[in-house]
Amino acid sequence: MPLLYVPGNHDPNVRPIDTTFVALDHRVQIPGPEGCDNVDGRILQVAGLRVAGLGGSLRYKEGPNQYTQAQMRWRAINLEFRARLKRVPSGRRRVDVLITHAPPFGAGPAEDAAHVGFVAFHRIIQRLRPTLLVHGHVHPYGKTQPERRVDGTRIINAIPSRVIEI
Ligand SMILES: [Zn+2]
């Protein structure tokens, strides 16, 4: 089974190292869990679905995988640009599933600064119209989180786990 992930605010830096000046025969250690694909800032085609990702939460302290609203805006624009460069058969979506760590701004019940979510996700939803956005970060602590919709995209909080039919 393909296993894709994006890092969250409690995860270490799993960004691939810059291999520009590394000898070709040097084996590069890919950071992050083995056997999985980090889809943060990328678009991967798996099981017939185009899956994109934007990891991290709003910056609230020092550490990796945290971004200001402005930083996430640039990350989202970059991902949107990558999505537009991909050839997609007409009538197909450029991105079917968007995996994020934090929710879109205002789409969750949280109001504290670390959990309000990213404004930029609304723009990328409007532009790419994914069928589904799956996020984490907002811990419902036993309360079932209802599925929500933003501009026709299903928004699902996957904590602690979810089986989703597409
Ligand atoms: Zn989190």
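When Lys86, Lys143 are arranged by Cβ crowding within 10 Å, least crowded first, meaning fewest neighbours, the order is Lys143, Lys86. Less than 19 Å from a label point 7 Å out along the Cα-to-Cβ axis of Asn78: which backbone N atoms in region 116-148 qualify, by residue? Residues 118-125, 128 fall inside that zone.
What the Cα convex hull of region 54-166 gives, in volume per residue, is 108 Å³. Dipole size of the chain about its Cα centre, with +1 on Lys/Arg Cβ and -1 on Asp/Glu Cβ: approximately 760 debye, rounded to the nearest 20.
Estimated from helices alone, the mean residue ellipticity of the chain at 222 nm is -5000 deg cm²/dmol (sum of -39500 (n - 2.57) over DSSP H runs with n ≥ 4, per residue).
Values quoted throughout were computed directly from the atomic coordinates according to the rules given, and no laboratory measurement underlies them. Predicted, not measured: the structure shown is a model, and the values here were computed from it. Positions of Cβ are backbone-derived with ideal geometry, glycine not excepted, and every protein chain shown enters the neighbour counts.
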